Amino acid sequence: MAFIIGDPSAPKAPDANAKSGAEDTATGQIVTEDGAPVTAAPGAAGGPDIVDANINNFEDEVIKASMERPVLIDFWASWCGPCKQLTPILEKVVTEARGAVKLVKIDADANPELCQMLQVQSLPTVFALHEGRPVDAFMGAQPESQIREFVGKLAKLAGPAALPLDQMVEDAQKALDEGDAAEAYELFANVIAENDTNAKALAGAARALIAMGEMEAANDLLADVPTQLTMDSDIQAARSALDVANQAADAGPLAELRQAMEAKPDDHQAKLDFAVAAFAAGEQTAAMDALLDSIRLDREWQEGEARAQLLKYFETLGPTNPLTGQYRRQLSAILFS
């Protein structure tokens, strides 16, 4: 048996007496992330991802299974209140992990041999195994956010194809930020195949298509976004990115536009034309500096076209981009001076 009992390198679970769980201060009840109370008792196992185990099938359901994907072992008992709070959250998160992780539930009262073998000292206790060895553990009820983080780390051991949807979105965004638009699009598309109302995945897929020069495909994707997502900030930002990319397709050579702007410092159109080409070329600060100069000269030129273009860049970059905050402050200083 590959499971090493008492392995000094195995992770130690935290103190079971430490206060844990997402507790409602008014009721003292553990609640899920959306505020719903979690009070159901551990239910019957269902499907290949959530099973019950005992001393007779422990080898197959836990040890051998962990050679294929990470396994969570949930030790519980019918009299254990925190178990009734924790197990439904475990089941929910494991189900959403789409097969990346397996949950094995063990009734501690009915399996004292397993409790002794794994040195279970309090309930609930959860062990995580991968390839026959313990890799993590915790005791006591935990909030859903911590369970998601715990399962997400385990899911990575199963490979990117088996990651939970939120982790796939995160990895896809990282790939897009690092310039691998094709990889990003594949991951975003996998998420959309599972959930076609995931706004971050839809917006990310559109941005990936834009980065690959597939403007028509990006436009079609955004045109088919569900109605309830029309005003979503990620979707709106993707639409702005598409507008910016379409503008750039009609822009002239950057060097010539720069020379034209420098030759006519008061020419608003020259500044706007340069900004469009510069932003598309990755010279984002130069583009926004040119627009700020135009606004300083005449904030109402062409009914505020320079300001509108700058706001479009803010939306394209997103609210967390440092440039957005930096240039918003400069724009405010000009407008309210």
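The values are calculated or read from the model by the stated rules, or taken from the named source; none is laboratory data. Note that the structure is predicted; figures quoted are calculated from it, not measured. Because the Cβ atoms are built from the backbone with ideal geometry, glycine has one as well, and the counts that use them run over all protein chains shown. These accessible areas exclude ligands, DNA and RNA; they are computed on the full protein's heavy atoms, side chains included. Shrake-Rupley method; radii C 1.70, N 1.55, O 1.52, S 1.80 Å.
Could you tell me which of the residues Val151, Val126 is open to solvent by less than 30 Å² (accessible area, probe 1.4 Å) and within 16 Å of the chain's Cα centre (by Cα)? Residue meeting the stated conditions: Val151. Pairs meeting the criteria (first residue in the stretch 109-127 and within 18 Å of Gln85 (Cβ to Cβ) and acidic (Asp, Glu), second residue open to solvent by 30 Å² or more (accessible area, probe 1.4 Å) and outside any helix (DSSP H, G or I), beta carbons under 7 Å, at least 6 apart or on different chains) are lacking.
Among the residues of the stretch 280-301, are any among the hydrophobic types (A, V, I, L, M, F, W, C), more than 29 Å from Lys200 (Cα to Cα) and in contact (Cβ under 8 Å) with a residue 40 or more places away in the chain? Scanning the stretch 280-301 turns up at least one residue that is among the hydrophobic types (A, V, I, L, M, F, W, C), more than 29 Å from Lys200 (Cα to Cα) and in contact (Cβ under 8 Å) with a residue 40 or more places away in the chain.
Would you mind stating whether Ala110 is surrounded by fewer than 19 Cβ atoms within 10 Å (Cβ to Cβ), assigned to a loop (DSSP other than H, G, I, E, B) and aliphatic (A, V, I, L, M)? Step through it out loud before you land on a result.
On the way: surrounded by fewer than 19 Cβ atoms within 10 Å (Cβ to Cβ): yes; assigned to a loop (DSSP other than H, G, I, E, B): yes; aliphatic (A, V, I, L, M): yes.
Taking the combined requirement at face value, the residue satisfies it.
Can you find a residue that is touching a residue at least 60 places away in the same chain (Cβ under 8 Å), within 27 Å of the chain's Cα centre (by Cα) and open to solvent by 20 Å² or more (accessible area, probe 1.4 Å) anywhere in the stretch 97-106?
Scanning the stretch 97-106 turns up at least one residue that is touching a residue at least 60 places away in the same chain (Cβ under 8 Å), within 27 Å of the chain's Cα centre (by Cα) and open to solvent by 20 Å² or more (accessible area, probe 1.4 Å).
Pairing residues of the stretch 49-74 that are open to solvent by 60 Å² or more (accessible area, probe 1.4 Å) with residues that are basic (Lys, Arg), at Cβ distances under 8 Å and at least 6 apart in sequence or on separate chains, gives Asp52/Lys105. The residue that is farthest from Glu59 (Cα to Cα), counting only those in the stretch 129-140 that are open to solvent by 10 Å² or more (accessible area, probe 1.4 Å) and aliphatic (A, V, I, L, M), is Met139. Within the stretch 291-337, being part of a loop (DSSP other than H, G, I, E, B) and open to solvent by less than 70 Å² (accessible area, probe 1.4 Å) holds for Asp298, Gly304, Gly318, Asn321. Tell me, please, whether a residue that is within 28 Å of Arg299 (Cβ to Cβ), in contact with a Lys or Arg (Cβ under 9 Å, 6 or more places away or on another chain) and surrounded by 17 or more Cβ atoms within 10 Å (Cβ to Cβ) can be found in the stretch 257-264. Looking through the stretch 257-264, at least one residue is within 28 Å of Arg299 (Cβ to Cβ), in contact with a Lys or Arg (Cβ under 9 Å, 6 or more places away or on another chain) and surrounded by 17 or more Cβ atoms within 10 Å (Cβ to Cβ). In the stretch 213-242, the residues that are touching a residue at least 60 places away in the same chain (Cβ under 8 Å) and under 20 Å from Glu170 (Cα atoms) reach residues that are assigned to a helix (DSSP H, G or I) and open to solvent by 60 Å² or more (accessible area, probe 1.4 Å) with C-beta atoms within less than 7 angstrom, at least six apart or across chains, in these pairs: Gln236/Glu315; Ala237/Glu315; Ala241/Arg207.
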